[in-house]
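The values are calculated or read from the model by the stated rules, or taken from the named source; none is laboratory data. Only a predicted model underlies this, so the values are computations on that prediction, with no experimental measurement involved. Here Cβ is always computed from backbone atoms with ideal geometry, including for glycine, and neighbour counts include all displayed protein chains.
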């Protein structure tokens, strides 16, 4: 299904009935990452997946896809589906978008899971890396996409999940260059939302891979403790929904009961 958001198409899907859960994918991903989970997830409620602007089947909305802008696209899906309140699971960038949504619409969220994500803003070093990444995308999108995705897994899992990684690379290679750079620019300027997470009163989960190259595990553990958030770690890297598929599925089902 699609809706219009600022005159651009946003793709979303709805399966199942009952309590709603919104699944938000990460950078260089789309709602397809959730497809194999949907048969099981939908036994326990209504599942909404969304292609964030510039990713998957959704169109580019702006030159900069701020997290707040993408959160408004999610809110439009709420209105289109008639959902009044939902659980959220956000992978990586999807977690940033979920936190931006939480800041503006906390009353619309039940439980909240950050998956391989953080409420922290980019460090100065990471901001510089975003700029370099944007330059690389402009020069050679396919090479950048391949490198960026391959580097997300732990070394031990790179070969083990090579087919899944190639599927991600193949799809992301078709995303428009401007959609990729718009997300990079938006992530670079996102604000720190640690206090937003602390102030949210629903059940909160922070799920991390112990070998995730993009997040600082000690920092996340400290944030989880300060924010009254359940911290759960898996072996592996930044793609826990691939590297720890069965554990992730069990966690989602148990936390949704």
- [ ] Would you please name the residue that is farthest from residue 32 (Cα to Cα), looking only at residues in segment 153-174 that are outside any helix (DSSP H, G or I) and touching a helix residue (DSSP H, G or I) at 6+ places or on another chain (Cβ under 8 Å)?
- [x] 154
- [ ] Out of 117, 123, report the one residue that is buried (at least 23 other Cβ atoms within 10 Å of the Cβ) and either closer than 27 Å to residue 232 by Cα or in contact with a helix residue (DSSP H, G or I) (Cβ under 9 Å, 6 or more places away or on another chain) (or both).
- [x] 117
TODO: Might you let me know whether segment 184-196 holds any residue that is out of contact with any strand residue (DSSP E or B) (no Cβ under 7 Å at 6 or more places or on another chain), surrounded by fewer than 17 Cβ atoms within 10 Å (Cβ to Cβ) and more than 25 Å from residue 124 (Cβ to Cβ)?
DONE: no
Open item on the list: Can you find, within segment 78-98, the residue that is nearest to residue 184 (Cα to Cα) among those that are over 16 Å from the mean Cα position of the chain (by Cα) and part of a helix (DSSP H, G or I)?
Closed with: 78
TODO: Give the residue, chosen from 9, 4, that is free of Cβ contacts under 8 Å to residues at least 12 places away in the same chain and not in a helix (DSSP H, G or I).
DONE: 4
TODO: Give me a count of the residues in segment 61-112 that are buried (at least 21 other Cβ atoms within 10 Å of the Cβ) and farther than 23 Å from residue 138 by Cβ.
DONE: 19
Task: Hits in segment 217-240 (condition: without any contact (Cβ under 8 Å) to a residue 24 or more places away in the chain and surrounded by 14 or more Cβ atoms within 10 Å (Cβ to Cβ)) - done: 217, 221, 224
Open item on the list: For the list (1) touching a residue at least 60 places away in the same chain (Cβ under 8 Å); (2) surrounded by 20 or more Cβ atoms within 10 Å (Cβ to Cβ); (3) farther than 23 Å from residue 121 by Cα, I need the number of the one condition that residue 249 fails.
Closed with: (2)
Open item on the list: Of the conditions (1) in contact (Cβ under 8 Å) with a residue 40 or more places away in the chain; (2) over 16 Å from residue 91 (Cβ atoms); (3) not in a helix (DSSP H, G or I), residue 145 satisfies every one except a single condition; which number is it?
Closed with: (3)
TODO: Evaluate the following for residue 58: is it crowded, with 16+ Cβ neighbours inside 10 Å, closer than 28 Å to residue 237 by Cβ and either over 14 Å from the mean Cα position of the chain (by Cα) or modelled with pLDDT of 95 or more (or both)?
DONE: yes
Open item on the list: Would you confirm whether or not segment 128-138 contains a residue that is in contact with a helix residue (DSSP H, G or I) (Cβ under 8 Å, 6 or more places away or on another chain), loosely packed, with under 14 Cβ neighbours inside 10 Å and in a helix (DSSP H, G or I)?
Closed with: yes
- [ ] Select from segment 170-216 the residues that are without any contact (Cβ under 8 Å) to a residue 24 or more places away in the chain and under 19 Å from residue 51 (Cα atoms) and list them in ascending order.
- [x] 170, 174
